[in-house]
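Participant: Encoded as C-alpha cells, here's the structure I'll be asking about.
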C-alpha cells in the first residue's frame with residue numbers, strides 16, 4: 001500500500017487544490033461509476049450554495065475570497081502564514097472556508113459512511129493543527145454516530161498523492177486492457 005490508505009478497505013479521497021477531485025474506494029477497489037467518472041466531488045451542489053462545492057471550498061476559492069475581501073493577491077502559502085499569525089480578517093476568511101470544506105465532507109459522510117476520508121492537496125502542508133480544525137468543524141455539523149467510526153487523515157504524500165493516484169489509474173486501466181485481449 002502507498003500513503004495514508006494502508007489497511008483500509010473502504011474510504012474516500014479528496015484532493016483540495018485548484019478544484020476538488022477525489023476517488024471512492026470500496027472493498028479495496030476504485031469505484032468508477034457507470035461512466036467511469038465517480039468521485040468528482042467538486043461538482044456537488046450543497047444546501048444554501050449558489051455554486052458547486054469546488055467554487056467555494058477549493059484552494060482557488062480561498063485565494064479568491066481573500067482577494068475579494070482584502071484586496072490582497074496572495075497565494076495559499078501566504079494566506080496560511082498570515083492565518084497562523086492570527087490576523088483577524090484572514091482568520092475569519094479561512095475559518096469560513098474550513099466551514100465550507102466541512103459542509104462537503106458532511107454530505108459525503110451521509111452518502112457513503114466511509115471508515116476513512118483522506119484529504120490531499122495543498123491543505124496537507126498545514127499539518128495536524130489544521131486537520132484538527134477541520135475535524136472540529138465537522139463535529140459541529142454532523143450527527144455523532146457518523147463520526148464514531150470515521151478517521152479523517154491528511155494524505156502522507158501531500159501534493160504528490162493525486163499524481164500517484166493518476167499513475168495507479170493508468171496502470172489499472174492497462175492491466176484491464178491486457179485481460180480483455
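The values are calculated or read from the model by the stated rules, or taken from the named source; none is laboratory data. All figures in this text were calculated on a predicted structure; none of them were measured in a lab. For neighbour counting, all protein chains shown are included, and Cβ atoms are generated from backbone atoms with ideal geometry for every residue, glycine included.
Participant: Report every pair of residues separated by at least 6 positions or lying on different chains whose Cβ atoms are under 8 Å apart, first residue within segment 31-45 and in contact (Cβ under 8 Å) with a residue 60 or more places away in the chain, second surrounded by 14 or more Cβ atoms within 10 Å (Cβ to Cβ) and part of a loop (DSSP other than H, G, I, E, B).
Facilitator: Final answer for the pair search is 41/53; 44/53.
Participant: State yes or no: is residue 109 assigned to a helix (DSSP H, G or I), touching a strand residue (DSSP E or B) at 6+ places or on another chain (Cβ under 8 Å), modelled with pLDDT under 95 and under 28 Å from residue 151 (Cβ atoms)?
Facilitator: Spelling it out, residue 109 is indeed assigned to a helix (DSSP H, G or I), touching a strand residue (DSSP E or B) at 6+ places or on another chain (Cβ under 8 Å), modelled with pLDDT under 95 and under 28 Å from residue 151 (Cβ atoms).
Participant: Quick one: in segment 22-44, of everything that is more than 15 Å from residue 112 (Cβ to Cβ) and modelled with pLDDT of 90 or more, which residue is surrounded by the most Cβ atoms within 10 Å (Cβ to Cβ)?
Facilitator: 42
Participant: Restricting the first residue to segment 9-30 and requiring it to be farther than 26 Å from residue 60 by Cβ, which pairs with a second residue that is in a strand (DSSP E or B) meet a Cβ separation below 7 Å and a spacing of at least six or different chains?
Facilitator: From segment 9-30, the pairs are 10/25; 10/26.
Participant: What's the total number of residues in segment 1-17 that are touching a helix residue (DSSP H, G or I) at 6+ places or on another chain (Cβ under 9 Å) and modelled with pLDDT of 50 or more?
Facilitator: 8
Participant: Quick check on segment 66-96: of everything there that is in a helix (DSSP H, G or I), without any contact (Cβ under 8 Å) to a residue 12 or more places away in the chain and touching a helix residue (DSSP H, G or I) at 6+ places or on another chain (Cβ under 7 Å), which residue is surrounded by the most Cβ atoms within 10 Å (Cβ to Cβ)?
Facilitator: Among them, the one singled out is 83.
Participant: Among (1) surrounded by 16 or more Cβ atoms within 10 Å (Cβ to Cβ); (2) under 19 Å from residue 17 (Cα atoms); (3) within 15 Å of the chain's Cα centre (by Cα), where does residue 125 come up short?
Facilitator: (1) is the only condition that residue 125 fails.
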